[in-house]
Every structure is written in C-alpha cells, then in structure tokens.
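Participant: Quick one: the structure is below, questions incoming.
The values are calculated or read from the model by the stated rules, or taken from the named source; none is laboratory data. All of these numbers come straight from a predicted model, not from anything done at the bench. Every residue, glycine among them, receives a Cβ derived from its backbone with ideal geometry; neighbour counts consider all protein chains shown. In case anyone asks, the SASA skips ligands and DNA or RNA and just uses the protein heavy atoms, side chains included. Shrake-Rupley method; radii C 1.70, N 1.55, O 1.52, S 1.80 Å.
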Amino acid sequence: MNVVVLIHAPFERLGQIQLWLEQRAAVIHEVCVYQQDAVYPPLDEIDLVIVLGGPMSVNEEDKYPWLVGEKVYIREIIEANIPLLGICLGGQLIATALGSKVTLNPEMEIGWHLVERTSNSVDVFQFPKSLEVFNWHGETFELPKGAKRLLRSKVCENQGFQIGRRVIGLQCHPEVRKQEISEWISEIGGQMEQGDYVQRPEEMLNDADRKMLAVRPVLFELLEYLTAPT
C-alpha cells in the first residue's frame, strides 16, 4: 500500500493512523506542503491520501501561497478516484477545493466533544450513533455539492461528509493521541479562547488514553472502508 500524507506543520502527525498503516506495511510518502521544496507524488500507484490538520485557515492563500497548489492536487486526487481522507484543515481543504466555503464556526470547539451520526444510509460509512472525539477548530466547512453529511456536534452542524465511495472529510480529530494533544497545547495553545466548548488543558489530557482507544476501532473501520475494493 502506497500512502501520501499531506502535512501542514511540524507538529501535525498521523497519530493512531500510523499504527493502522504499519499493520499493513504501508509505504508512507510524507509531503510537508509548507516547505518550498515540497514535491507532490504522481497519482499513479497511490492507494490512499491523508490530508492532516493545521493551524492556518484555508482562506489565507496570500499568507500561505502553497494552499493554492495543494487544492489543485486535492481536486486531481478526487478526479482520479483515489481514496482520500481529510482531517480538520484537511476536510476544509477538500471542501474549498470543490468550491465550498469555510467560515467561522458559531463556537470555537476545542477538546473532547460528542459527535452524532446523521445518516443511516447504506451508501455512506456508518459511524456509531454517538462518539466522543477530539476537536480543535474555530472554522467550519459548508458541504460540497453532492456530499452527504455524516456527523454533527452540538455547536458544529457539519462535522463530517462523504462524496461517493472514496472521499471523506472530517472536522474532528480521530487520529489524536495524548502526545498530539500535549504538543498542540504547547505549540498553538495561544489559539485557545474562553468559551463554553473550549476545555482546559488538564481536562483535555485527563483520561485521554482511554478516549483515544475508544475512537481507534472506528477510525480503523473508516480507513478499511475507504480503501476496500469496490
């Protein structure tokens, strides 16, 4: 299995996804898109693309000009029908690459929050009825044309979408471990503002190992679903 991972900051990692890839002896091609010498691999022989999160906004193309080329690459991935998973910024990038808007969410959502399944259709991946999963975002995406909503939370209507059989965009972070949470608090904790849906660092870290292990089987099922032969 050949997997391309698009990375937007040094502290963004595969987290729990790394274990799933290692179990399949996957060859991982990491592309640090924020570096000037970043090279996007050709699409032939790619089995899966994962677009990770990041602290920037998809709307900041003037500040981060590499966003323009990344959106073009994402459109090419979708057109080639390659399995594609976007997480947080990654989900927003898929949406904007397809012409949808990313705007401020009604509330900043940081910490462990419940998401709820919104579709029982046999045509989309079936999340559990509810799941406590980690979030770190202040913006949200509109659903792209033809997308089906998968998840919502109390303060974020669009927590996930699916397009066809091969494209899933998420607002939440099912990949995180305690390690990533600690690093984000250190690296981008300045983004945190007081709010009803912003947890304190100790609250985010408390019981994080148990919570991530509860999310892991759902994440692994999602990756199996995306990459399964059709």
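Participant: Please work out how much length the chain gains when fully extended from Lys63 to Gln36, using 0.36 nm per residue of separation minus the C-alpha to C-alpha distance, in nm with one decimal.
Facilitator: Result: 8.3 nm gained on full extension.
Participant: What full-extension length gain, to one decimal in nm, is calculated for Ala80 and Gln18 as 0.36 nm per residue of separation minus the Cα-Cα distance?
Facilitator: Stretched fully, the Ala80-Gln18 segment lengthens by 19.9 nm.
Participant: To the nearest 20 debye, what is the magnitude of the charge dipole of segment 166-212 about its Cα centre, counting +1 on the Cβ of each Lys and Arg and -1 on the Cβ of each Asp and Glu?
Facilitator: With only Lys, Arg, Asp and Glu charged at Cβ, the dipole is about 260 debye.
Participant: Next up: Quick one: which of 184-192, 35-43, 81-89 comes out on top by average Cβ neighbours within 10 Å, and what's the full order, highest first?
Facilitator: For the peptides 184-192, 35-43, 81-89, the packing ranking is 81-89, 184-192, 35-43.
Participant: Now a separate question. Over 29 Å between Cα atoms, which of Lys145/Lys211; Lys101/Lys154; Lys63/Lys148; Lys71/Lys129; Lys148/Lys178 qualify?
Facilitator: Where the Cα-Cα span goes over 29 Å, the pairs concerned are Lys145/Lys211; Lys63/Lys148; Lys71/Lys129; Lys148/Lys178.
Participant: What are the radius of gyration and Dmax of segment 73-230, computed over its Cα atoms and given in Å?
Facilitator: Just the Cα atoms of segment 73-230 yield Rg and Dmax of 15.2, 46 Å.
Participant: Can you tell me the dipole magnitude for the chain around its Cα centre, using point charges on the Cβ only (Lys, Arg +1; Asp, Glu -1), in Debye to the nearest 20?
Facilitator: Dipole about the Cα centre, nearest 20: 720 debye.
Participant: Here's something else I'd like to know. I want the antiparallel fraction of DSSP beta bridges within the chain, as a percent rounded to 5.
Facilitator: 55
Participant: Considering only His137, Gly169, Leu150, whose Cα is most displaced toward the positive end of the charge dipole of segment 134-192, charges sitting on Cβ of Lys, Arg (+1) and Asp, Glu (-1)?
Facilitator: Of the options given, the answer is Leu150.
Participant: Moving to a separate point now. So what's the gap between the Cα centers of segment 160-219 and segment 48-119, to the nearest angstrom?
Facilitator: First find each Cα centre; the distance between them is then 15 Å.
Participant: Could you look at segment 1-49 and say what percent of its accessible area is carbon and sulfur, using a 1.4 Å probe and all protein chains?
Facilitator: With neighbouring chains kept in place, the figure for segment 1-49 is 49 percent.
Participant: Let me ask something else about it. Set the Förster distance to 22 Å, then compute FRET efficiency between Met56 and Ser182 from the Cβ-Cβ distance, nearest 0.05.
Facilitator: It comes to 0.60.
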